[in-house]
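Contents: one structure, followed by commentary.
The values are calculated or read from the model by the stated rules, or taken from the named source; none is laboratory data. Note that the structure is a prediction, hence the values are computed from the model and not measured. Counting neighbours? That spans all protein chains shown, and the Cβs are built from the backbone with ideal geometry, glycine included. Surface accessibility is based on the protein's heavy atoms, side chains included, excluding ligands, DNA and RNA. Shrake-Rupley method; radii C 1.70, N 1.55, O 1.52, S 1.80 Å.
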Amino acid sequence: DGGITQSPKYLFRKEGQNVTLSCEQNLNHDAMYWYRQDPGQGLRLIYYSQIVNDFQKGDIAEGYSVSREKKESFPLTVTSAQKNPTAFYLCASSIRGPRTTGELFFGEGSRLTVL
Amino acid sequence: KNEVEQSPQNLTAQEGEFITINCSYSVGISALHWLQQHPGGGIVSLFMLSSGKKKHGRLIATINIQEKHSSLHITASHPRDSAVYICAVLGRGGGADGLTFGKGTHLIIQP
């Protein structure tokens, strides 16, 4: 079945370590997004990509990095520079890029806890 | 940037009740999304609408562009409807990808 796969579902990290969250989609979508969700807050955009080898910063990109080497894959690295990385991370995709009315498809999320 | 307010924040109802969740926004939009977040965290898109009304099964979404307001209705609610319902608006300007999300409405349907 078509969809978005995020891994791992749960991840624990020590302070000072980088960690990479995986996001793969087989929907043939051009646009992919990474959101962060914290308790009591709406989703906030970290990075998005409209096309392979191109990506744009979102509202809270500091301390994060991404790559888009393949259409299907959009991994997110949480670096040691991210001051408060403990959160729930959601990957999403849409057939067209941002500022369109395309339907959003989400993964199951990855919960990162920094010890 | 668009301000998105959802009400109520929390709602507990009995099975079979008619449920209404509201979403108001401050600036004109291109489209509005209603999303459902399951207890495990995954999110499913329920509706995307820019005018009028849409229906899917027991779910109905309406939007009033002039009043900058949308509602999500659930008829004959069931415990499996228990989830967080999120409203997101696609603005005509502002925001990296144009989407602003509400904080969500946590719905619990008791048997």
- Query: Ignoring ligands, DNA and RNA, what accessible area per residue does region B:14-111 give at 1.4 Å, in Å²?
  - Reply: 42
- In what order, largest first, do B:60, B:19 sit by accessible area if the probe radius is 1.4 Å? B:60, B:19
- Task: Counting only C-alpha contacts under 8 Å and six or more residues apart, can you give the relative contact order of chain B as a whole percent?
- Result: 37
- Grab every C-alpha pair in region B:1-45, bin the distances at 10 angstrom width from 0 up to the longest one, and report whole percents. 19, 45, 31, 5
- With 20 Å as the limit, write out which pairs from A:57/B:1; A:14/A:83; A:83/B:1; A:70/B:1; A:9/A:71 have Cα-Cα distances beyond it, or answer none. A:83/B:1; A:70/B:1; A:9/A:71
- Rounded to whole Å, sorted largest first: equivalent-ellipsoid semi-axes of region B:26-68, Cα gyration tensor: 22, 14, 7
- Task: Would you tell me the mean number of C-beta atoms belonging to other protein chains that fall within 10 Å of each C-beta in B:37-45, as a whole number?
- Result: 6
- Item | Accessible area per residue in Å² at 1.4 Å probe, computed on chain A | 49
- Message: Out of all DSSP beta bridges in the protein assembly as shown, what portion is antiparallel? Express it as a percent rounded to 5.
- Response: 90
- Could you give P(r) for the protein assembly as shown, binned at 5 Å from zero, as whole percent values over all Cα-Cα pairs? 1, 7, 15, 19, 19, 17, 12, 7, 3, 1, 0
- Message: Please list A:72, A:62, B:3 from largest to smallest accessible area, probe radius 1.4 Å, with all protein chains kept in place.
- Response: A:62, B:3, A:72
- Give me the accessible area buried between chains B and A, both sides summed, with a 1.4 Å probe, in Å² rounded to the nearest 100. 1800
- Query: If the cut-off is 23 Å between C-alpha atoms, which lysines fall inside it for residue B:53, apart from same-chain ones fewer than 8 positions away?
  - Reply: B:68, B:103
- Query: Given the convex hull over the Cα atoms of region B:6-111, what projected area results after averaging over all orientations, in nm²?
  - Reply: 6.4
- Message: I'd like the carbon and sulfur percentage of the solvent accessible area for chain B, probe radius 1.4 Å, heavy atoms only, ligands and nucleic acids excluded.
- Response: 51
- If N is the residue count of region A:26-102, its Cα Rg over 2.2 N^0.38 Å rounds to 1.07
